[in-house]
Amino acid sequence: MSSKESENSAALRVLNLRKTYKAATAPALDGVTFEVGQGEFFGLLGPNGAGKSTLIGTVAGLVKPDAGSAYILGRDTVKEPRFTKMAVGIVPQEITFDPFFTVRETLRLQSGFYGIRHNDIWISTLISRLGLSDKINEKVSRLSGGMKRRLLIVRALLHRPRILFLDEPTVALDPQVRRRIWALVKDMAKGGVTVFLTTHYIEEAEALCD
């Protein structure tokens, strides 16, 4: 742990974060302040349109705030974007893949974005945990919606992030797939990964979050 990180035990610290989109009638974020401790499984509940996805995008360095600050492991996400991107993994609501690549090609390419070579063992471990091993050479365009959502989780974990953001990851998934996902995520949390979950499923938050 660096000296900067040791100064603050929080995995995530948000101070007076504000964001308003053009033509919006109300701010998406209006003075949000909170902390998440390292190794914590944190749940953020709220209805659709409450600003949960904007919050994740802002603290992960993908959306520029109008005011306020966010810190990942004690380091400013705006001033240190490279550190932020290496430290976090994001599972978005939207399914965003190049449909012409296979599952294997998609995951190898994503590993390359983080400068990781020879990542096949970790890839195999992740896709096995989420029941995708038999789809490794399948084009992403041929996967079902549920399989693509599982692939999003694998992609977010490829570089072994220290903080995992899950933006309603189990929407419209069947119970068996949801159990697979949560088993993997709980193991990541036990291994020290901080998990930040947004959901409107209260029962999930009650069962999983600290």
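Read-outs: derived from the displayed coordinates by stated rules, not from any lab. For clarity, every value in this text was computed on a predicted model and none was experimentally measured. Cβ atoms come from the backbone with ideal geometry, glycine included; neighbour counts cover every protein chain shown.
Backbone phi angles across the stretch 141-157, fed through the Karplus curve with coefficients 6.51, -1.76 and 1.60 (θ = phi - 60°), yield HN-Hα couplings of 4, 8, 7, 6, x, x, 5, 5, 5, 5, 5, 4, 5, 4, 4, 5, 9 Hz in residue order; Gly and Pro are listed as x. Working from Cα pairs under 8 Å separated by at least six residues, relative contact order for the stretch 34-94 is 21 percent. Could you tell me how many degrees, from 0 to 90 and to the nearest 10, lie between the Cα long axis of helix 103-113 and the main elongation axis, the longest principal axis, of the Cα atoms of the chain? Roughly 40 degrees between the two axes.
For the stretch 108-210, the alpha-carbon coordinates run over 38, 30, 18 Å along the three principal axes, in decreasing order. When both bridge partners sit in the chain, DSSP labels roughly 50% of those beta bridges antiparallel.
Length available on full extension from residue 142 to residue 186: 0.36 nm per residue minus the Cα-Cα distance, which gives 13.0 nm.
Scaling the Cα radius of gyration of the stretch 155-210 by the globular reference 2.2 N^0.38 Å produces a ratio of 1.08. Mean separation of Cα pairs under 8 Å and 6 or more residues apart, divided by the residue count, gives the chain a relative contact order of 27 percent.
Scaled against the 2.2 N^0.38 Å expected of a compact globular protein of N residues, the Cα radius of gyration of the stretch 1-99 reads 1.11. Using the basic label-point model (7 angstrom from Cα toward the beta carbon), what is the residue 203 to residue 134 distance in nanometres? About 2.8 nm separates the two model spin labels. Straight-line cross-link partners of residue 64 among the lysines, defined as a Cα under 30 Å from its Cα and at least 8 positions apart when in the same chain: 4, 19, 22, 52, 79, 85, 148. Each principal axis of the Cα cloud of the stretch 94-152 was taken in turn, and the coordinate range along them, longest first, works out to 28, 22, 20 Å.
Taking the chain as the reference, fit the longest principal axis to its C-alpha atoms, fit the long axis of helix 175-190 to the helix C-alpha atoms, and give the angle between the two in degrees, 0 to 90, nearest 10. Value to nearest ten degrees: 60. Computed extension length for residue 24-residue 50: 8.1 nm, one decimal, from 0.36 nm per residue of separation with the Cα-Cα distance subtracted.
Residues whose amide H comes within less than 5 Å of that of residue 90, counting only those at least five positions distant or on another chain, are 165 (H built at 1.01 Å from N in the peptide plane). When only the Cβ of Lys, Arg, Asp and Glu is charged (+1, +1, -1, -1), the dipole of the chain relative to its Cα centre reaches about 660 debye.
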